[in-house]
Amino acid sequence: MAAKAAVLGKSKLRSKRSKYGSGLHVHVLVAEALTMLDEDTPVSACFDHEDWAWLVVRRKLFVWKHSGEEVAKLQCSELTLPASDLNHHARLACVFPNPNDTVSMSVMAVSPEGIIRYWENVSREDRYVDVNADLQGQEGQLLSGALPLGCLLATTTGDLLLLTPIDAGRQMTVQCRAVGRPRGMLAGFGRRMSSLIFGGTGSQAEGVKVQSVLVSDGEDMDGKFLHILTGGKLQKWELWDDGEKLLLEFDVETALAHCLCQVVYDDECDATELKTWLLDMQVNRDGVTILAAGCNNYQAVCKVHYAFCSVATNRGVPVDFSMFTVTKHNTLYQPGREDEIHSHRFLLSDPFSSSAFIYTPNTVLCTSATIHGYEIEKTEFSSLGERILGAGSVHKQAVFFTTTRAFVTLQPSSQLDISGNLSSMTVAEDSWRNESALMSIVGDDQLHDMSISEDKTSRLKAALLHFVRRNMRDAQAIVEDVLPSTMTSAPDSLLDKIVISLGQQLLDDFPALDPRWAESIPQDVSSTSTSLILMHQLEDKQKAHKYFVTFLREIGIWERMCGVTEARQMAPTCLVLREHTEKLVAANVLRGLHTIYPSVVDSGIRKVLSKRQTVSPGTALTPQDLFYREVSRIDDIFWGLVQVELELIESSDVSSVDCITFLSHTNTIFEGVLKEVADCRAAQATMFVNSTVEQYKDYVPWTARSGTTGLRSLLTKQHKLTVENGIPESMDSHTRSALVRQLVNLSDNILAGYATQVEALGVDVSVERRRTLKKKYESERYRLIQPLLQCEAYEEAMFLGEKYADFRVLTQMCELTDNDDRLQRYMTQFSQEGFAQFVFATYVAEGKQARLFSQPAAHDAELTAFLQLHGSLRWIHDVHTRNFIGAAQTLKTLAIEEQANLPKKKTLLSLSKLAALASDEPAGAVEEIVDVVNLEQDIVLHQEGLPLEVLTAEGLDKGIMPVLTPEELIEVYIGEANVRANEFDFKKALDLLEFIPTTDLQRQSMIDDLKLKIWCAAILQDSWDDIETDGSLEGIKDTILFRTIELASLDGLPMDGYLPSVQSLLSCEELGDLRHSAAFKYLVQAGYEYLQAKETRARTP
């Protein structure tokens, strides 16, 4: 490890202000204070990423700005701390912006006894206020900034107090509130938060400390999240100025013991035999990482093993560590000297990086927080009494403050982020010189041969080697010869194919100095690694690939790249190169997991090599050597692991416990590899792009491809195996919880691929293609998450449902847990996405319409919009909201549209009229509705008046008969089924003609034809041959025809209004032979004449 800061000599300490190699400033007062330290002087330091640092020496507190704008113009404040019998510490001080202005800084410090001293303006050293926090015999341990709420004070026994500066009139003061006092949801829990953390004072151990308190921004501007590590547990709280809420609690100590038993001791000991320590905690990308230690008390030589435990607190309630990484660092356990273990702290300089720094007062160890067994780089700070006073992150750099050198910046000497994420595509000049050893195996003669080779890929590699040696002229000349700038860019061009070919060569490179590979290395192939160790070979490949990408950019090839055919799809060349980076990351992570699960990964490797029919060229090469060399096919391991699982499940010789263990370990491997790949992809989102990427909407990354060996298909199969063969067969709650968490991660990986693919298609592609993919995504989404509901893992289902907006899952979860408050919150949270409409539709589909009308007023707009398409429910909502005229309109429309049930139509008409009469609308609007309703009710009355025998003959049931139109009613009244039809029936048929709208001439002609048909039917009801034609009209008066006419005349209707002309009647074909009868014609004509004369006399005064 290389220290990036210059050593701080006395000459520099004497200067007024010095800027050291770390880039951070130390004021002369601080420098002088450091020179006067002796071994017993109580001293400590802290600094933050906001450019401020503070040093505590005895009762003196020095505060200065270490970086940022105008740093040289700012003074160092020398403040005096409250008197105390105990040593002050920098961790009990906090520097933050003045709450009353935007220029000055404020300082709050707390003595171990609980005396708070607050400087509103740090530049006014003599103006402060003291407040007694009343710790009741406890000691202050840690002060954390929680702005804008104030500062959070943790005591040695687990109490938390919120210290808030407030304006008390003439001067500021500090208000103290014990977080956890009886207020709101915490009522009755007592003053101490320790009673919350430990479940009651009776179970709290004497002297239990808060190991760490981390403060981060809450979901809104007014709140903060707290992560508290104490008493073997991790808690996450949400804190506001007037209250707090416990979000989750996780038993770290139990999970730690279980993982240590499994990983370190191979399950050969019991968790109760282990002694564990939780030492420190830092924020990571998904929650927190905890530095922990443990040992087996029953071993003769008891070693303390140190591990990183990652807990994903941003995904709901955790059931296990999201990652557990054992480091190579260990110490000898000595009873009575546990302070040496507690002195271990650690630092994550970047939450998105895997590099971690474990430090004690004299030593810093750099390793990986995610890769098991990663090599440790060590730096000692023990010369001339030097010791570390504090550590922190400044601009994502690890910075340590020591007694003799002040600020020291440390970085891994490899200059490569262990996770494989490239923080920059620019390589420093000294890195080029140092790392060019990777290419040193290529001699000048071989490089010359490569430069003139007929193989263009070899020549491009020669250009790369020249570039690494900083021989830019030769590199550029070879590139111009192989890929001239005049070459046209097009998909699958020579340029793209050569670039990808060389990239794959670097991935699948042979370790040239490994004698076991001597017979396998092609003669014309140059190697990029000189290492014999597999992990180092993979690291060298990462570095070589990094140089290759930089070469493509700086030599002018990058923007010329277009696309290549990859896995039967056209893919942007730059994204294929990103895939190479991701597979290198996957190989490194898999190699680390291989050390933890050797039998699992070995079995998968054997299955893969068998499928490839790979034969070792020598007996010394292991399956691991053969497999890890071909990094481009590293993803084959997933297929191999799934195949082994299927064989184990089908085998009768393997117990269910062994199957579940293998399944769980495989899930962990899937999760570990894909998580690092996803992080790598996110970190490089803007790096692996050029001007052609947007042209490839169909591109699907390797982690989301389907097909027999596609990773999406394998993840789906792994999900199915976990659901069907894992969770149901798990015998204990811990295993079941672990499998559930793994199921969440599998689902998350699959759905993330789908979501990215749907989003990438955009709006320019075919609507049908986008709809098909989205439909498949939504179907898979529910299928993947629904098993979590079945096993009552509601929090996990909620996490995925919210992340991927699966409204069906979220609705079902709220129903199953009877959590209407959460359902209402979702309606607000996903209001733009139509969640409320989905819930309403679900209620209708499930016959729970009544729930629609118990919705809060806040969702009236969504409900009204939804009910526009559900008139049968809309009128109820209108009545509920006292919109009676709207209800009347809706009911009227429903009644007119009702065709299946006459009683229902009658009811709807009655309700419509009732609603209209109840409204406050103007009389005209009400009468308009009532008139239409009355008309419809008249038609209903005509149908209800049908004789029972007619209904029976027509196959109609009076209680549930369908609605008949006026035309259909006329046909029934005058039809053959009405064998006992009389004048009243025909009069009703004539009345029904009034209800047929006459919208045009064609419609009027139809009504005239129907009128003729009615009268013809009336005529045919009698036998006209039996009526005498002796001049007397008495005979025709008893016919249905003339009785119907008489009945119509009694209603005051004129004959020309309801009777057809005698000519049209006598010529109607429906009368058949009767129309040719002279007697019939005489009787009808005479009858007409008689009726007309009678009507004329009636009109004469």
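Scanning the stretch 475-496 for residues that are modelled with pLDDT of 90 or more and among the hydroxyl-bearing types (S, T, Y) gives a single hit, S493.
Scanning the stretch 823-847 for residues that are surrounded by 15 or more Cβ atoms within 10 Å (Cβ to Cβ), part of a helix (DSSP H, G or I) and either polar (S, T, N, Q) or on the phi > 0 side of the Ramachandran plot (or both) returns Q824, Q837, T842. Restricting S111, S104, S144 to those that are small (G, A, S) and more than 28 Å from G218 (Cβ to Cβ) reduces the list to S111.
Close contacts from the stretch 587-609, counting a first residue that is free of Cβ contacts under 8 Å to residues at least 24 places away in the same chain and a second that is open to solvent by less than 10 Å² (accessible area, probe 1.4 Å) and assigned to a helix (DSSP H, G or I), with Cβ to Cβ under 7 Å and a gap of 6+ residues or different chains, come to L609/F627. The set of residues in the stretch 791-810 being of a type in the set (G, A, S) and surrounded by fewer than 20 Cβ atoms within 10 Å (Cβ to Cβ) consists of A805 alone.
Being modelled with pLDDT under 70 and among the hydrophobic types (A, V, I, L, M, F, W, C), is that true of even one residue in the stretch 224-242? The answer is no; no qualifying residue exists. In the stretch 910-963, of all residues being charged (D, E, K, R) and closer than 21 Å to E994 by Cβ, the one that is most open to solvent (accessible area, probe 1.4 Å) corresponds to E928. Taking (1) under 25 Å from Q537 (Cα atoms); (2) at pLDDT 90 or above in turn, H665 satisfies each apart from (1). Scanning the stretch 350-386 for residues that are buried (at least 23 other Cβ atoms within 10 Å of the Cβ) and β-branched (V, I, T) yields I358, V364, T367, T370, I371.
When L641, L593, L646 are screened for being over 30 Å from L513 (Cα atoms), in contact with a Gly (Cβ under 7 Å, 6 or more places away or on another chain) and among the aliphatic types (A, V, I, L, M), only L641 passes. The set of residues in the stretch 693-738 being at pLDDT 85 or above, β-branched (V, I, T) and open to solvent by less than 60 Å² (accessible area, probe 1.4 Å) consists of V700, T703, T716, T722, V723, I727, T735. For the stretch 305-333, the set of residues classified as of a type outside the set (F, W, Y), over 16 Å from G672 (Cα atoms), at pLDDT 85 or above and part of a loop (DSSP other than H, G, I, E, B) consists of T313 only. Flag: T486 does not match the condition of being in a loop (DSSP other than H, G, I, E, B), in contact with an Asp or Glu (Cβ under 7 Å, 6 or more places away or on another chain) and among the β-branched types (V, I, T).
Of the strands (runs of 3 or more DSSP E) lying entirely inside the stretch 34-120, those containing at least 2 residues that are touching a residue at least 12 places away in the same chain (Cβ under 8 Å) and among the polar types (S, T, N, Q) are 77-80. Scanning the stretch 778-798 for residues that are closer than 22 Å to K717 by Cα, touching a residue at least 40 places away in the same chain (Cβ under 8 Å) and not charged (D, E, K, R) turns up L784, P787, L788, C791, A793. Of the residues screened, R578 is not one that is in a helix (DSSP H, G or I), open to solvent by 20 Å² or more (accessible area, probe 1.4 Å) and either touching an Asp or Glu at 6+ places or on another chain (Cβ under 9 Å) or at pLDDT below 90 (or both).
Here T864 clears all of (1) part of a helix (DSSP H, G or I); (2) modelled with pLDDT of 85 or more; (3) open to solvent by 40 Å² or more (accessible area, probe 1.4 Å); (4) in contact with a Lys or Arg (Cβ under 9 Å, 6 or more places away or on another chain) except the condition numbered (2).
Screening L162, L149 for residues that are in a strand (DSSP E or B) and either over 20 Å from V215 (Cβ atoms) or open to solvent by less than 50 Å² (accessible area, probe 1.4 Å) (or both) leaves exactly one candidate, L162. Step by step: first the residues of the stretch 292-318, then only those that are aliphatic (A, V, I, L, M) and touching an Asp or Glu at 6+ places or on another chain (Cβ under 8 Å), then the one that is surrounded by the most Cβ atoms within 10 Å (Cβ to Cβ). Which residue is that? Taking the candidates together, the pick is A312. For beta carbons closer than 6 Å, sequence separation of 6+ or different chains, a first residue in the stretch 997-1021 that is in contact (Cβ under 8 Å) with a residue 40 or more places away in the chain and on the phi < 0 side of the Ramachandran plot and a second that is of a type outside the set (A, V, I, L, M) and open to solvent by 80 Å² or more (accessible area, probe 1.4 Å), the qualifying pairs are C1016/E1070. Checked against (1) in a helix (DSSP H, G or I); (2) surrounded by fewer than 20 Cβ atoms within 10 Å (Cβ to Cβ); (3) touching a helix residue (DSSP H, G or I) at 6+ places or on another chain (Cβ under 9 Å), H536 passes all but condition (3).
The rows are residues; the columns are (1) within 30 Å of E796 (Cβ to Cβ); (2) under 31 Å from the mean Cα position of the chain (by Cα); (3) modelled with pLDDT of 85 or more.
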site	(1), (2), (3)
D821	yes, yes, yes
Q824	yes, yes, yes
S831	yes, yes, yes
A836	yes, yes, yes
P856	yes, yes, no
H859	yes, yes, no
S872	no, no, no
Q889	no, no, yes
Q899	no, no, yes
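Contact map, the stretch 908-928: first residue within 23 Å of S872 (Cβ to Cβ), second residue of a type in the set (S, T, N, Q), Cβ cut-off under 6 Å, separation 6 or more or different chains; pairs are L909/Q937. With the structure loaded, tell me whether K906 is at pLDDT 85 or above and open to solvent by 70 Å² or more (accessible area, probe 1.4 Å) or whether it fails that test. It is true that K906 is at pLDDT 85 or above and open to solvent by 70 Å² or more (accessible area, probe 1.4 Å). When the stretch 248-258 is examined, which residues are found to be part of a strand (DSSP E or B) and either over 23 Å from F324 (Cα atoms) or among the acidic types (D, E) (or both)? Selection gives E249, D251. The residues on offer are V744, V740, V677, V700, and the sole one that is within 21 Å of the chain's Cα centre (by Cα), touching a residue at least 24 places away in the same chain (Cβ under 8 Å) and assigned to a loop (DSSP other than H, G, I, E, B) is V700. Taking the stretch 334-363 as the range and being within 22 Å of C295 (Cβ to Cβ), outside any helix (DSSP H, G or I), free of Cβ contacts under 8 Å to residues at least 60 places away in the same chain and of a type outside the set (S, T, Y) as the test, the residues that pass are Q334, P335, G336, R337, P361, N362. Among all positions in the stretch 565-573, there is at least one residue which is more than 30 Å from the chain's Cα centre (by Cα), surrounded by fewer than 23 Cβ atoms within 10 Å (Cβ to Cβ) and touching a residue at least 12 places away in the same chain (Cβ under 8 Å).
The values are calculated or read from the model by the stated rules, or taken from the named source; none is laboratory data. Values in this document were obtained by computation on a predicted structure and should not be read as measured data. Here the Cβ is made from the backbone with ideal geometry for all residues, glycine too, and neighbour counts use every protein chain on show. With ligands, DNA and RNA removed, areas are computed over all heavy atoms of the protein, side chains included. Shrake-Rupley method; radii C 1.70, N 1.55, O 1.52, S 1.80 Å.
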